[in-house]
Amino acid sequence: MTLAIAGKTLFDADVGGEADEIGDALSDAMKLFNRLTLPFSQYLERLPLPATRRFNKARQRLDATIYRMIDERRKSGHDRGDLLSMLIQARDDEGDGKGMTDVQLRDESMTIFLAGHETTANALTWTWYLLSQNPVVEAKFHEEIDRVLGGRSPGFEDYPALRYTEMVFAESMRLYPPAWIIGRRALSDYRIGDYVAPARSILLMSQYIVHRNPNYFSDPLRFDPERWTPAEKEKRPQFSYFPFGGGPRLCIGEQFAWMEGVLVLAAVARRWRMRMVSGHPVELEPTVTLRPRHGMRMTIERR
Ligand code: HEM
């Protein structure tokens, strides 16, 4: 669903039918990512190992979709007012004044296309899981949706009124942050408080760990959306919660993701609730994003 939304809103393309294939390609690509963090990975990458071959195939699969979207748009010459049209029209005012090559367009589009759906899909999956385990929260969430929507489908104009739904989504990303760790490399010796990170060292910051720190969140393992009332939020320091990162490389899609998450939750929960299939194991698979290792087997029930 999030893939179809990213395709439609950002590229005005219908890619919903390719969702399974693209999802599989992305899984293969992410599996190799773990290996890329190992020493000597640049040499490993050149060997025709099965994982590398799968990665190259996955890349070709993803490229095929992206290049098709670019090609269709260039041919049509239409300004659809979406992100892809903006990228095609962009000119490098500080450089040669030209537009982007197909490879540059592919790189920019691929980043946004992948960053824009895999994260939100994980956030939503964990949210359905948490709701299924917490009936009191779920009842309050349903109450808000029924009251605000009165049986209609939600639209953009409903977003401001769906406050509790947003608190549920925020609390879900506290416990299961889709981006669970981010890293930076120190370009030169860099001092942080009493520590000096030597040049070239890699610094990792984990949302997963900080979000579960009892100094910031009492009884941290408890799923409690009430932590996200404005008054409660104000009591905590800024970077005790950073699902979208921070600073100059803050997620460019943050506002999009909040709105999408809230509206999708409301649209689905208006009619349906999800229940775990009994005995289904729930484990973490932390790669680039925080996926549930065995998927999330749920039964959909009409409310
Ligand atoms: C729940 C959903 C999302 C989460 C948790 C998330 C998280 C993040 C995080 C933590 C970063 C910073 C990475 C770093 O500092 O190294 C980031 C960057 C980015 N995100 Fe998101 N994101 C989400 C949704 C989206 C969406 C919907 C889009 C596009 C429409 C998007 C596009 C991007 C891009 C392009 C960057 C790179 C920005 C830059 O480096 O300047 N993200 N995201």
Fill in: Karplus-derived 3J(HN,Hα), 6.51/-1.76/1.60, for each residue of the range 240-251, Hz, glycine and proline x
6, 9, 8, x, 9, x, x, x, x, 9, 3, 3
Worksheet entry | Under-5 Å amide H pairs with residue 212, H placed in peptide plane, nonlocal only | none
Response to the item:
Plugging the Cβ-Cβ distance of residue 187 and residue 96 into 1/(1 + (r/R0)^6) at R0 = 22 Å yields, to the nearest 0.05, a FRET efficiency of 0.25
Worksheet item: When the gyration tensor of the range 1-116 is built from Cα positions, what are the square roots of 5 times its three eigenvalues, in whole Å, from largest to smallest?
Response: 28, 19, 11
Fill in: Within straight-line cross-link reach of residue 31, lysines at Cα separation under 19 Å, skipping those fewer than 8 residues along the same chain
57
Discussion item. Show me the three semi-axes of the equivalent ellipsoid for the chain, from the C-alpha gyration tensor (sqrt of 5 times each eigenvalue), largest first, rounded to whole Å.
Written reply: 32, 27, 21
Worksheet entry | Protection proxy ranking, peptides 201-213, 125-137, average beta carbon neighbours within 10 Å, highest first | 125-137, 201-213
Worksheet item: How large is Rg over Rh for the range 125-303, taking Rg from the Cα atoms and Rh as the Kirkwood inverse mean of 1/r across Cα pairs?
Response: 1.01
Worksheet item: Whose amide H sits under 5 Å from the amide H of residue 285, counting only residues 5 or more places off or on another chain, with H placed in the peptide plane?
Response: 291, 293
Worksheet item: Mind checking which helices in the chain clear 20 Å along their axis (Cα) and have mean Kyte-Doolittle hydropathy of -0.5 or more, DSSP H runs only?
Response: 19-36, 118-133, 135-149, 254-269
Response to the item:
Once phi for every residue in the range 224-235 is put through the Karplus expression 6.51 cos²θ - 1.76 cosθ + 1.60 (θ = phi - 60°), the whole-Hz ³J(HN,Hα) values, with Gly and Pro written as x, are 9, x, 5, 5, 10, 5, x, 5, 5, 4, 4, 6
Worksheet, complete the sentence: Between the modelled labels at residue 9 and residue 277 (7 Å from Cα along Cα→Cβ) the distance in nm is 3.0
Discussion item. Before I look further, what does the range 125-303 give for accessible area per residue, probe 1.4 Å, in whole square angstrom?
Written reply: 57
Practice prompt. Report in % the part of the accessible area of the chain that belongs to carbon and sulfur, leaving out ligands and nucleic acids; probe 1.4 Å.
Written response: 56
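The values are calculated or read from the model by the stated rules, or taken from the named source; none is laboratory data. In this text the structure is predicted, and so the values were computed from the model without any measurement. Every residue, glycine among them, receives a Cβ derived from its backbone with ideal geometry; neighbour counts consider all protein chains shown. Just the protein is used for accessible areas: all its heavy atoms, side chains included, with ligands, DNA and RNA removed. Shrake-Rupley method; radii C 1.70, N 1.55, O 1.52, S 1.80 Å.
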